[in-house]
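What follows is a single structure, written as structure tokens, with notes after it.
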Protein chains: 2
Amino acid sequence: MRADAQRNRSRLLAAAEEVFAAKGIGAPVDEVARAAGVGIGTLFRHFATKEALLEAVYVARLQRLTDQVSSLSGAQDPAAVLTGFFADAVRSSGTKMALAAALAEAGIAVDAANASYGSALRQELGALLTRAQQAGGIRGDIAVGEFISLLAGTSQAVSGHDDATRDRILNVVLDGLRAGDTR
Amino acid sequence: MRADAQRNRSRLLAAAEEVFAAKGIGAPVDEVARAAGVGIGTLFRHFATKEALLEAVYVARLQRLTDQVSSLSGAQDPAAVLTGFFADAVRSSGTKMALAAALAEAGIAVDAANASYGSALRQELGALLTRAQQAGGIRGDIAVGEFISLLAGTSQAVSGHDDATRDRILNVVLDGLRAGDTR
DNA sequence: AACTATACGGAGTGTTCACTCCGCTTGTCG
DNA sequence: CGACAAGCGGAGTGAACACTCCGTATAGTT
């Protein structure tokens, strides 16, 4: 792959993430191309369809989340680490108009990505969750799937609120995650 | 207003709620007209734009929620009533692919409706919430806005899950709403 | 420097969709 | 029943948008 091609590809990904986060996934692809400073033709050579672009954005986000969780997995206080991760993820997605939720709503594009890349995240998170539950501090009656859905739902719940309100909402869910478990 | 016109109007509203709930608000209006058994012309005579139709659907939902809360406002155990309402609302919206969330994402259409009709719901709910907080059983550090956002977020979180999973997710949030308050 | 595979830009194309227009139908009222 | 306003249906219109195509430009190689 030529150097300029690689540069354009990552520019497109970054621009897409920004544009879709700001205006929702309904935003026209021309805008992404313009934001990236490339022509539309270039966009479509790198990502054959809009859906492929969305998927790439989604995968990139999964990748980052997975890395983040991986780097945390050895901690000595898994419950605190897990809730900390939850809070971080919610706070950072709040800025971005619930991009993950919007992507998830898109449906099809996400399934393929979930199967291949999501499973890694799922596995990492699942391990951390189990350890947190065993160590105490996180309720035992939920699985990874519920945890992830809660993460997405909470991200949506906090979007559009100021920092203080966002933290109040977040605390409700975090307390719920700890509930029924006497630390 | 002629009898048939009124009939068509309510058919359109019902069809719109169903179609948009099933396929998201991106569904073409033709489909709504077809589902209602009327022509497109008729749809647009009753609702000047698609946005107006969405707003009408949203208002109808707000209306129903408001009535529901009103009928509950005199209860002797406000905390239980409030959590019961929360659970009901989440469960019923779960079937409908988070219609409220999708509508909220549409933005503009919702603002006007919120101002006029949402305030009634907000007021009713706010009263109930305050009473529940005073009676004990609901944490004192949240306001109506947070409660409503949590409702919407939780609705999204449970969508696509089976009943048992849905209830586990719901319980996390409900426990969170009770947390920090020794009943 | 010359060459060529690789990549680029953006006008053009087909399709989807919200919305309009008008000839026809039907409810309503004297 | 007859008249006519109110309402209906759906072909037609324009705009937005995803995606294609090809002449031009440029990175990498010899």
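The values are calculated or read from the model by the stated rules, or taken from the named source; none is laboratory data. Computed from a predicted structure; not experimentally measured. Cβ sites come from the backbone with ideal geometry, for glycine too, and all protein chains shown count toward neighbours. Accessible surface is based on the protein model in full, side chains and every heavy atom, while ligands, DNA and RNA are left aside. Shrake-Rupley method; radii C 1.70, N 1.55, O 1.52, S 1.80 Å.
Select from the stretch A:1-27 the residues that are within 14 Å of chain B (Cβ to nearest Cβ) and not hydrophobic (A, V, I, L, M, F, W, C) and write down the one among them that is farthest from DNA strand C (Cβ to nearest atom).
Initial filter on the stretch A:1-27 (within 14 Å of chain B (Cβ to nearest Cβ)): A:20-27.
Keeping just the survivors that are not hydrophobic (A, V, I, L, M, F, W, C) gives A:23-24, A:26.
Values: A:K23: 17, A:G24: 15, A:G26: 11 Å.
So the residue we want is A:K23.
Out of the residues in the stretch A:148-157 that are out of contact with any Phe, Trp or Tyr (no Cβ under 8 Å at 6 or more places or on another chain) and more than 7 Å from chain B (Cβ to nearest Cβ), state the one that is surrounded by the fewest Cβ atoms within 10 Å (Cβ to Cβ).
A:I148
For B:L53, work out the one condition from (1) within 14 Å of another protein chain (Cβ to nearest Cβ); (2) among the aliphatic types (A, V, I, L, M); (3) near DNA strand C (Cβ under 8 Å from one of its atoms) it doesn't fulfil.
The failed condition is (1).
Here are B:V90, B:V69: which of them is more than 14 Å from chain A (Cβ to nearest Cβ) and aliphatic (A, V, I, L, M)? Full working, then the answer.
Working: B:V90 fails: more than 14 Å from chain A (Cβ to nearest Cβ).
Selected residue: B:V69, the only one of B:V90, B:V69 that is more than 14 Å from chain A (Cβ to nearest Cβ) and aliphatic (A, V, I, L, M).
Which numbered condition trips up A:F44, out of (1) among the hydrophobic types (A, V, I, L, M, F, W, C); (2) under 25 Å from A:S93 (Cβ atoms); (3) near DNA strand D (Cβ under 8 Å from one of its atoms)?
Of the numbered conditions (1) among the hydrophobic types (A, V, I, L, M, F, W, C); (2) under 25 Å from A:S93 (Cβ atoms); (3) near DNA strand D (Cβ under 8 Å from one of its atoms), the odd one out for A:F44 is (2).
Select, from A:A16, A:A33, A:A60, the only residue that is assigned by TED's automatic domain parsing to the domain that holds A:S149 and in contact (Cβ under 8 Å) with a residue 12 or more places away in the chain.
Working: A:A16 fails: assigned by TED's automatic domain parsing to the domain that holds A:S149; A:A33 fails: assigned by TED's automatic domain parsing to the domain that holds A:S149.
After ruling out the rest, the residue left standing is A:A60.
Do the conditions hold for B:G41, that is, is it within 14 Å of chain A (Cβ to nearest Cβ) and within 13 Å of DNA strand C (Cβ to nearest atom)?
Details: within 14 Å of chain A (Cβ to nearest Cβ): no; within 13 Å of DNA strand C (Cβ to nearest atom): yes.
The answer is no for B:G41.
Of the numbered conditions (1) at pLDDT 95 or above; (2) more than 24 Å from A:R168 (Cβ to Cβ), A:V81 satisfies every one except a single condition; which is it?
If we test A:V81 against (1) at pLDDT 95 or above; (2) more than 24 Å from A:R168 (Cβ to Cβ), just (2) comes out false.
For the stretch B:162-183, which residues satisfy the criterion of being at the interface with chain A (Cβ under 7 Å from one of its Cβ atoms), in contact with an Asp or Glu (Cβ under 8 Å, 6 or more places away or on another chain) and not small (G, A, S)?
Within the stretch B:162-183, B:T165, B:R168, B:I169, B:V172, B:D175 meet the criteria.
Does B:D167 satisfy being open to solvent by 10 Å² or more (accessible area, probe 1.4 Å) and within 18 Å of A:I142 (Cα to Cα)?
On the way: open to solvent by 10 Å² or more (accessible area, probe 1.4 Å): yes; within 18 Å of A:I142 (Cα to Cα): yes.
The answer is yes for B:D167.
Within the stretch A:1-60, considering only helices (runs of 4 or more DSSP H) that don't extend past its boundaries, which have at least 1 residues that are open to solvent by less than 20 Å² (accessible area, probe 1.4 Å) and modelled with pLDDT under 95?
Working: elements: A:3-23, A:29-36, A:40-46.
Per the criteria, A:3-23.
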